[in-house]
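A short write-up of the structure that comes next.
The values are calculated or read from the model by the stated rules, or taken from the named source; none is laboratory data. This is a predicted model, so every value here is computed, not measured. Using ideal geometry, Cβ is built from the backbone for each residue, glycine included, and neighbour counts are taken over all protein chains shown. When the accessible area is computed, the model is the full protein with side chains, heavy atoms only, and any ligands, DNA or RNA have been set aside. Shrake-Rupley method; radii C 1.70, N 1.55, O 1.52, S 1.80 Å.
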Amino acid sequence: MEDQGQVKKMMIILSKATLENVYACFVLANGARMEGIQAEIFFTFFGLEAIHQKKLEHLHIATVGNPAMHMPTMLGGLPGVEALATSMMKKEMEKLDMPPVREFLEILSASGVKMWACKLAMDMFHYKEEDLIPELDGVLTVGDFYKQGSGVGTHMLFI
Amino acid sequence: MIMLKELVGNTIDVNEEGFMTDFTQWNTQIGEALATENEISMTPKHWEVITYIQTEYKNNVPLSIRKIGKSGVVDIKEFYTLFPNAPLKTATKIAGIPKPVSCI
């Protein structure tokens, strides 16, 4: 094979806005660029919150329905627990030199990661392009996004 | 595994990925030759970045893209323009220091 199985481009679809998913997506996209691999992110459904100007700084980790939190579900649902867990996690991430969401988006954009918003989800949530970050490369349909991913060595990932 | 490599009249120790394993063997001619191997033609700006990351390495500061962006030497966009393919890996290779282990 011409490409010898090399990963040339990562197309990542982010459909969730819980902090752990958003960071997984950003680290994977940034890590691709660091290895000389192209990367594009398609923000759909709740994933749009990660690029929504008024929401992106207020994302939380999930304390309910997340068995890896090792916390009784009832406790996870109490007021303030999610915020507490989130601030603890943010402190740990800062120690690892993980940037906050807005700075991470700027890094991704400067690193050449293309960022697209899903048209259908935007219509569903009644978001306008001006509600989203200025670094956004555009609003796409699913078909457009697949077209972006054409070529040998492209991999798609759904988060 | 460490291998010996001949470069511009010097013998250097490199690992299997081509990173130098002994920084004391490094000099600017070797840096220049490593850059050519990686299809980079060095400019004063490139050297400024290389000097910065060598200083960070000597001070035991772990390198990351975020740190480079905050270095005051280059911003991230320019860093990717100077070293287009895997910038941190390429720059550290030219600088004669180990590959950074950071994912960010």
> When you look at the Cβ of every residue in A:21-31, what mean number of other chain Cβ atoms sits within 10 Å?
Replying inline: 1
> Taking only protein heavy atoms and a 1.4 Å probe, what accessible area per residue, in Å², does the protein assembly as shown have with all protein chains in place?
Replying inline: 53 Å²
> Per the helix-only calculation at 222 nm, which mean residue ellipticity applies to chain A, given -39500 (n - 2.57) for every DSSP H run of n ≥ 4 and division by its residues, nearest 500 deg cm²/dmol?
Replying inline: -11000 deg cm²/dmol
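Just the number, please: buried accessible area between B and A, total of both chains, 1.4 angstrom probe, nearest 100 square angstrom. Spell out each step's value before the answer.
Values: alone 6090 and 9140 Å², together 13840 Å².
Chains B and A together bury approximately 1400 Å².
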> Of the heavy-atom accessible surface of chain A (probe 1.4 angstrom), what whole percent is carbon and sulfur?
Replying inline: 61 percent
> Can you pull the Kirkwood radius for the stretch B:3-95, inverse mean 1/r over Cα pairs, to one decimal in Å?
Replying inline: 13.5 Å
> Over the stretch B:3-95, what percent of the accessible surface lies on carbon and sulfur atoms, probe 1.4 Å?
Replying inline: 51 percent
> Got a number for the accessible area of A:HIS52? Probe 1.4 Å, square angstrom, nearest 10.
Replying inline: 20 Å²
> Where does each of A:19-26, A:94-101, B:2-9, B:82-89 land if you order them by average Cβ count within 10 Å, highest first?
Replying inline: A:19-26, B:82-89, A:94-101, B:2-9
